[in-house]
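Student: Sharing a structure, written as structure tokens. Questions coming.
The values are calculated or read from the model by the stated rules, or taken from the named source; none is laboratory data. None of the values given here were measured: they were computed from a predicted structure. All Cβ positions, glycine included, derive from the backbone under ideal geometry; neighbour counts span all protein chains shown.
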């Protein structure tokens with residue numbers, strides 16, 4: 001095999017340092033507008049990113065506060081007394097009837113007899 | 001090298017000019033060698049390198065493996081160079097050996113001698129195939145290893161070695177014949 005390298009240094013663009021630097025300068029100068037565009041785009045993202053965390057934190061706090069308020073309202077609704085007591089008072093029902101209503105049952109024959117006895121003058 | 005490339009690519013994506021310049025300095029020689037192996041004309045190779053670096057910058061998000069930025073860039077260089085060669089072959093019927101040389105440069109003394117050597121080498125390389133020229137330039141000019149040349153050309157290492165062997169032998173034969181003609 002032909003293992004000896006050929007001296008190709010005359011073809012090396014970096015052999016002339018001035019020319020080499022001009023080549024690099026030409027590329028970087030031509031790339032400057034695209035690099036500036038990228039830097040500007042990244043700065044917009046950076047601003048959004050800067051505000052994103054505080055906004056997220058505030059959102060989480062608001063959501064937690066809303067959830068807590070809603071759960072308290074639900075509990076208040078649950079512990080409200082049943083309107084049955086108010087209704088029997090409004091209808092001016094006597095004690096035995098209100099008892100049947102509270103126990104949610106139909107009166108038995110003896111209940112009815114007892115009620116009639118109480119109503120009798 | 002690869003980790004450093006990945007970091008530089010990341011910074012260049014964010015518009016960091018110094019990172020991009022470092023990428024240019026790291027890969028311009030190899031890019032130039034690939035472009036020259038296709039085009040055989042230094043001024044065209046320089047134009048293609050500039051074009052390829054700008055294309056690479058614009059498409060930097062498409063570089064899926066930033067640690068292999070060099071290989072990705074060289075594919076762009078090669079494609080751009082092939083496109084230019086096709087365009088030239090359509091545009092002009094001038095043989096390449098008639099336009100060899102770097103236009104607009106003032107050659108004096110040592111520079112003139114170097115310029116003449118360069119022109120001889122370029123003329124002799126006209127007789128090599130593209131893979132032979134690429135193997136020769138990447139190995140003997142850029143100092144790439146056989147496996148790196150093989151990876152770039154997409155051939156087995158033994159084939160890359162054969163290309164290099166044939167290129168050296170043919171180039172020496174050409175340059176030797178020229179010297180004998182002058183003597």
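Student: Examine region A:93-104 for a residue that is surrounded by 11 or more Cβ atoms within 10 Å (Cβ to Cβ), within 59 Å of the chain's Cα centre (by Cα) and at pLDDT below 70, and state whether such a residue exists.
Tutor: Yes; the residues of region A:93-104 include at least one that is surrounded by 11 or more Cβ atoms within 10 Å (Cβ to Cβ), within 59 Å of the chain's Cα centre (by Cα) and at pLDDT below 70.
Student: Okay, next question. Is it fair to say residue B:103 is closer than 25 Å to residue A:29 by Cβ, more than 16 Å from the chain's Cα centre (by Cα), more than 14 Å from every other protein chain (Cβ to nearest Cβ) and modelled with pLDDT under 95?
Tutor: When the stated conditions are applied, residue B:103 does not pass them.
Student: For region B:67-77, indicate whether the set of residues that are over 20 Å from residue A:27 (Cβ atoms) and either surrounded by fewer than 13 Cβ atoms within 10 Å (Cβ to Cβ) or at pLDDT below 90 (or both) is non-empty.
Tutor: Looking for residues that are over 20 Å from residue A:27 (Cβ atoms) and either surrounded by fewer than 13 Cβ atoms within 10 Å (Cβ to Cβ) or at pLDDT below 90 (or both), one finds none in region B:67-77, hence no.
Student: Pairs under 7 Å by beta carbon, first residue away from chain A (no Cβ under 11 Å) in region B:119-136, partner modelled with pLDDT under 90 and surrounded by 21 or more Cβ atoms within 10 Å (Cβ to Cβ), six or more apart or different chains?
Tutor: Filtered contacts from region B:119-136: B:126/B:40.
Student: Can you report the number of residues in region A:2-18 which are outside any loop (DSSP other than H, G, I, E, B), in contact with a helix residue (DSSP H, G or I) (Cβ under 7 Å, 6 or more places away or on another chain) and surrounded by fewer than 16 Cβ atoms within 10 Å (Cβ to Cβ)?
Tutor: Number of matching residues: 3.
Yes/no per residue for (1) modelled with pLDDT of 95 or more; (2) more than 28 Å from residue B:120 (Cα to Cα); (3) facing chain A (nearest Cβ under 9 Å); (4) part of a helix (DSSP H, G or I):
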position	(1), (2), (3), (4)
B:12	yes, yes, yes, yes
B:20	yes, yes, yes, yes
B:25	yes, no, yes, yes
B:28	yes, no, yes, yes
B:31	yes, no, no, yes
